[in-house]
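The values are calculated or read from the model by the stated rules, or taken from the named source; none is laboratory data. Computed from a prediction, not measured in an experiment: that's the story for all the values here. Note that we place each Cβ from the backbone using ideal geometry, even for glycine, and neighbour counts take in every protein chain shown. SASA here: full protein model, heavy atoms, side chains in, ligands and nucleic acids out. Shrake-Rupley method; radii C 1.70, N 1.55, O 1.52, S 1.80 Å.
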Amino acid sequence: MNVLSVASEVFPLIKTGGLADVTGALPLALDGNGIRMRTLLPGYPAVMQQLTKPRKIATLTSVFGDEMRILAAQHAGLDLFVLDAPGYFDRSGGPYVDTTGKDYPDNWKRFAALSHAGAEIARGLLPDWTPDIVHAHDWQAAMAPVYMRYTGLGHIPSIVTVHNLAFQGQFGPEIFPELGLPAQAFSIEGLEYYGDVSFLKGGLRTAWEVTTVSPTYAQEIRTPEFGMGLDGLINARASELMGIVNGIDTAVWDPATDPHIAANYGPGALRARSKNRQALLDRFGLADGGGPVFCVVSRLAWQKGIDLIAELADWIVAEGGTLAVLGTGDQGLEGALLAAASRHRGRVGVVIGYNEPLSHLMQAGADAILIPSRFEPCGLTQLYGLRYGCVPIVARTGGLADTVIDANEAALSARVATGFQFAPVTADAFRQALRRAFTAFRDPKVWARLQNQGMKSDVSWKRSAERYAGLYSSLLARV
Ligand SMILES: Nc1ncnc2c1ncn2[C@@H]1O[C@H](COP(=O)(O)OP(=O)(O)O[C@H]2O[C@H](CO)[C@@H](O)[C@H](O)[C@H]2O)[C@@H](O)[C@H]1O
């Protein structure tokens, strides 16, 4: 079976968040299930520079009249189609924002062009490869099923996966006439959303199936609290909605072989972790306060509850904890964290920026990772934490609820606990969970059991890849 994945970022070529981890790992995981997944992504400079021996396999005209090329290449085991369209993608900023952090004003054009190219590949644009199914990720690719539906390709199964409902690709109605779609596409059945154009809404309306990245988030987005204005539509499509929890690439994230950490280790050999703990403290200029070393690796955003980290930093230090934060994002949150670091030199360390190797060392060296998200479609850093013996302390929401087993009395005595959960997402509830963690940490046996239990969790893609494979088969059976 051939599946075309369409995505705006793919690890290891280009990554701004968890989406890239998923689109980079899923094709490899599907390989053993008889599925050939090839991935269409934009030819950003970072991508073009890393390609070896790209081959031009097709040219096409975008809906806006520009000439674009499709290059085929292989990278890190991935079969790629790269959309070479310098007018859209050869920019000096990031994939979505310019060097000052502002959204590119033509993002709608850039990602409509990407999605349209995906639809054209489904139509048979390429000489030797046609997908049986198109799998589009997030709003940047969500127009692929829209173009398919309205240009005579509605008989080809399509899927939209929501990695984060907060980003919807919403633009003014004035762009609609330029999208090359028939007038009826600007309707409630298409991409019209309260008078605007919404790429994600269009995809959710027109794809054969909608998936999201955990079963709990699939339920949550049916409610007004988590539905971000789309809960009505999502409920209407409830029978075509599925939550499949993310896995992680266990080859890239393996403490036994990880080249980015100070000492490699495996389950049952946790003592070597202390070298990583020391390396982490050194890297952040921190001293051991006697309690746990907590880490945070995150986009600094309201979603992630980072304000609660800043709010509790003083208390964490007073209790003997140490805090190391790696992240970038909201300037107010960066400022609040940096202020905590200057109040507690040597006990709170903050690195503002994006640093993949350092994120590995943090998982390998910290005792626990803090993830107080207000909503979390899946979350990957708790999965890395489990694999690295870095105990996750998480809000009980979305994929965090589905992947961490809370250390309540029953779970502790059954020896199945892997972390700590709390709800609601308030400073008080978070503090209670941290208190439980401080207590558990004082008993090294209890703590080691939590770590070992986490390291035994199956966080690989195996089961979830089987679920995607099952979904693809069920869609093909309906053709
Ligand atoms: N400063 C930094 N330096 C280095 N690495 C950093 C970093 N900040 C973040 N990262 C890395 O980026 C990734 C973030 O993953 P998350 O699951 O938290 O995703 P995100 O919210 O971006 O994605 C959305 O999509 C993913 C994938 O489906 C969902 O898991 C998630 O819930 C949803 O919000 C992790 O690999 C993390 O290590």
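A few notes on this one:
- Any hit, region 163-176, residues being at negative phi, among the aliphatic types (A, V, I, L, M) and away from the ligand (no atom under 16 Å from the Cβ): yes
- Every listed requirement among (1) under 20 Å from residue 164 (Cβ atoms); (2) of a type outside the set (Phe, Trp, Tyr); (3) within 11 Å of the ligand (Cβ to nearest atom); (4) in a helix (DSSP H, G or I) is met by residue 358 save one, (1).
Every residue, every condition in (1) within 30 Å of residue 5 (Cβ to Cβ); (2) in the same structural domain as residue 22 (by TED's automatic domain parsing); (3) open to solvent by less than 10 Å² (accessible area, probe 1.4 Å), yes or no:
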{"position": "380", "(1), (2), (3)": "yes, no, no"}
{"position": "391", "(1), (2), (3)": "no, no, yes"}
{"position": "399", "(1), (2), (3)": "yes, no, yes"}
{"position": "424", "(1), (2), (3)": "no, no, no"}
{"position": "434", "(1), (2), (3)": "no, no, yes"}
{"position": "451", "(1), (2), (3)": "no, no, no"}
{"position": "468", "(1), (2), (3)": "yes, yes, yes"}
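- Residues that are within 16 Å of the ligand (Cβ to nearest atom), surrounded by 15 or more Cβ atoms within 10 Å (Cβ to Cβ) and not assigned by TED's automatic domain parsing to the domain that holds residue 378 do not occur anywhere in region 47-63.
- Residues satisfying the stated conditions in region 3-21, i.e. under 11 Å from residue 138 (Cβ atoms), part of a loop (DSSP other than H, G, I, E, B) and more than 8 Å from the ligand (Cβ to nearest atom): 7, 8, 9
- Enumerated strands (runs of 3 or more DSSP E) restricted to region 146-231, each holding at least 1 residues that are open to solvent by 10 Å² or more (accessible area, probe 1.4 Å): 196-198, 209-212
- Candidates 287, 313, filtered to the one that is surrounded by fewer than 16 Cβ atoms within 10 Å (Cβ to Cβ) and at pLDDT 95 or above: 287
- Region 317-334, residues that are touching a helix residue (DSSP H, G or I) at 6+ places or on another chain (Cβ under 9 Å) and away from the ligand (no atom under 14 Å from the Cβ): 317, 319, 320, 321, 322, 323, 332
- Of all residues in region 22-39, those that are assigned to a strand (DSSP E or B) have Cβ atoms under 6 Å from Cβ atoms of residues that are of a type in the set (Ser, Thr, Tyr), 6 or more apart or on another chain, in 37/5; 39/5.
- Pairs where the first residue, in region 339-366, is open to solvent by less than 40 Å² (accessible area, probe 1.4 Å) and the second is among the acidic types (Asp, Glu) and away from the ligand (no atom under 12 Å from the Cβ), C-beta under 6 Å, 6+ apart: 360/258
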